[in-house]
Amino acid sequence: RAYGGIDARASLATRLLDRDLDITIGAEAQRADEDRLGFENFAGSVLGVRGALRRDERNRVQNFDQYVQADWSVSERWRAVVGARHSSVRFRSDDSFIAGSNPDDSGSLRFSRTTPVAGLSFRVREGLSVFSNIGGGFETPTFNELAYRVDGSSGLNSELGPARSRNAEMGLRWRTGGQALDVTAFSSRTRGELAVAASSGGRTSFVNAGASRRLGLEIGARGRIATNWRYTFAYTALDATYPDGFRICADPACTSPAVVAAGSRIPAIARHSAFGELVHEVGERFDVSLSANASSRIFADDRNSASAPGHMVMDLAATRRFVLGELRIESYARIDNLLDREVIGSVIVNEGNGRYFEPAPGRGWLLGLNLELAFD
């Protein structure tokens with residue numbers, strides 16, 4: 001694989017109605033190029049070995065985006081932001097494996113869309129502000145999502161299109177005496193949600209679900225509870241559902257499509273998740289921290305027939321910093337999954353044979369050293 005790109009922008013600071021106005025105009029171009037080979041995972045009757053060639057192709061994806069944004073201080077307390085971005089993404093696959101009944105599967109796809117954004121913030125008083133933002137989203141499939149067709153035929157999944165979303169959020173930010181609090185409520189509605197149609201034998205095919213909806217609340221806080229103690233806390237409540245029903249494959253061969261009922265929860269997304277960390281500053285250059293990650297259960301398939309239970313894991317870490325002349329040294333040690341909990345780390349969504357679950361690692365440890373050389 002090879003990847004490269006360029007992002008060029010220009011900024012202008014001016015005034016409008018005797019108030020500060022900052023304008024940014026830019027363009028971005030990126031390109032990824034890969035040569036992909038695929039092989040049978042058997043040779044004759046021997047399984048689990050590299051067998052005959054089944055795939056030989058060159059894939060390229062490139063995008064060209066243009067964007068503009070204006071940030072205007074409407075008054076002493078009000079601030080407004082507006083912007084737009086036009087995206088154009090092109091996929092091309094050149095097939096070099098043409099043999100027997102396997103045809104030339106070369107092809108290309110192109111997606112483009114303009115997405116706007118607008119925001120407004122108000123400073124209630126020193127250290128406290130409220131804000132609101134609205135905007136559009138545009139998510140194209142990746143080459144991995146385009147690689148396999150639902151019906152099992154060869155070639156790019158040309159029936160798969162981009163997901164388009166409308167998003168809104170509102171919240172507050174509070175800062176005082178070393179304490180910080182952020183609260184945000186958000187809503188997102190997506191058309192053409194990229195969903196797993198079937199997953200079996202290491203191959204996953206995707207479809208565009210009719211629509212999806214996400215309603216949520218995020219709370220983040222950080223600060224000190226004592227001179228040598230500081231904390232960080234984050235919590236997310238997220239209701240992610242399919243308001244409309246759609247069809248997926250109920251078996252690896254997709255001979256009997258199943259219906260995902262309206263109101264089903266989107267798999268692999270927890271309704272509740274939280275993170276907390278408590279740090280004790282033992283000395284000026286020595287910290288000990290205890291952190292915890294918690295998650296409620298997640299569904300493993302769109303029909304919500306299987307789920308991984310909720311869990312919590314804890315990590316313990318220590319950090320020591322030294323200064324030797326111009327050399328700054330940071331050493332650290334960490335124990336992950338301190339209580340050696342057995343939990344599901346991830347799920348394979350809609351796995352055709354029901355093998356959805358992948359375990360997370362048990363207790364583990366990590367030692368590290370960072371060296372930084374500073375010059376005056």
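General remarks:
- log₁₀ of I(q)/I(0) at q = 0.12, 0.13, 0.21 Å⁻¹ - segment 1-153, Debye sum with one point per alpha carbon: -0.72, -0.78, -1.31
- For segment 74-155, the spread of Cα coordinates along the three principal axes comes to 73, 19, 17 Å, biggest extent given first.
- Rounded to the nearest 500, the 222 nm mean residue ellipticity of the chain from helices alone is 0 deg cm²/dmol, with -39,500 (n - 2.57) taken per DSSP H run of at least 4 residues.
- Distance from segment 122-179 to segment 259-289 (C-alpha centre basis), Å: 19
- Residues in the chain average 58 Å² of solvent-accessible surface per residue, probe 1.4 Å, ligands and nucleic acids excluded.
- Taking Cα centre as origin and charging only the Cβ of basic (Lys, Arg, +1) and acidic (Asp, Glu, -1) residues, the dipole magnitude of segment 97-224 rounds to 760 debye.
- Residue ranking by accessible heavy-atom surface, 1.4 Å probe, largest first, among W78, W174 comes out as W78, W174.
- Taking every alpha-carbon pair within segment 168-264, the share separated by more than 23 Å comes to 51 percent.
- Those trypsin sites (Lys or Arg not before Pro) in segment 43-103 that DSSP places in a loop and that have at most 12 other beta carbons within 10 Å: R50, R77
- Cβ-Cβ FRET estimate between A262 and H86, R0 fixed at 41 Å, reported to 0.05: 0.75
- Cα lying deepest toward the dipole's positive end in the chain, options S165, G201, S96, charges on Cβ: S165
- A convex hull fitted to the Cα coordinates of segment 1-75 yields 110 cubic angstrom per residue.
- Carbon + sulfur, % of accessible area of segment 246-375 - ligands and nucleic acids excluded, 1.4 Å: 57
- Dipole in debye (nearest 20) - the chain, about Cα centre, beta carbon charges: Lys, Arg +1; Asp, Glu -1: 820
- Using a probe of 1.4 Å on the protein chains alone, the accessible area found for I269 is around 40 Å².
- About the Cα centre, charge dipole magnitude for segment 54-128 (Lys/Arg +1, Asp/Glu -1 at Cβ), debye: 320
- In loop segments of segment 82-149 as defined by DSSP, the chymotrypsin sites (Phe, Trp or Tyr not before Pro) with at most 16 further C-beta atoms inside 10 Å of their C-beta are F97.
- Dimensions (Å) - segment 232-369, Cα atoms, principal axes, largest first: 69, 30, 28
- Across the accessible surface of segment 117-219, with the other protein chains kept in place and a 1.4 Å probe, carbon and sulfur atoms take up 54 percent.
- Rounded to the nearest angstrom and listed largest first, the equivalent-ellipsoid semi-axes of the chain from its Cα gyration tensor are 41, 31, 25.
- Inter-label distance for D151 and A221, nm, one decimal - labels placed 7 Å from Cα along Cα-to-Cβ: 5.7
- Dipole of the chain computed with +1 at Lys/Arg Cβ and -1 at Asp/Glu Cβ about the Cα centre; of T142, G325, G155, farthest Cα towards the positive end is T142.
- Under the criterion of Cα pairs below 8 Å and six or more residues apart, the relative contact order for the chain equals 8 percent.
- Ellipsoid fit via the Cα gyration tensor, segment 86-235: semi-axes of 45, 19, 13 Å, each the root of five times an eigenvalue, largest first.
- When a 1.4 Å probe is rolled over the protein heavy atoms, the share of accessible surface on segment 36-75 that falls to carbon and sulfur comes to 55 percent.
The values are calculated or read from the model by the stated rules, or taken from the named source; none is laboratory data. For clarity, every value in this text was computed on a predicted model and none was experimentally measured. Counting neighbours? That spans all protein chains shown, and the Cβs are built from the backbone with ideal geometry, glycine included. With ligands, DNA and RNA removed, areas are computed over all heavy atoms of the protein, side chains included. Shrake-Rupley method; radii C 1.70, N 1.55, O 1.52, S 1.80 Å.
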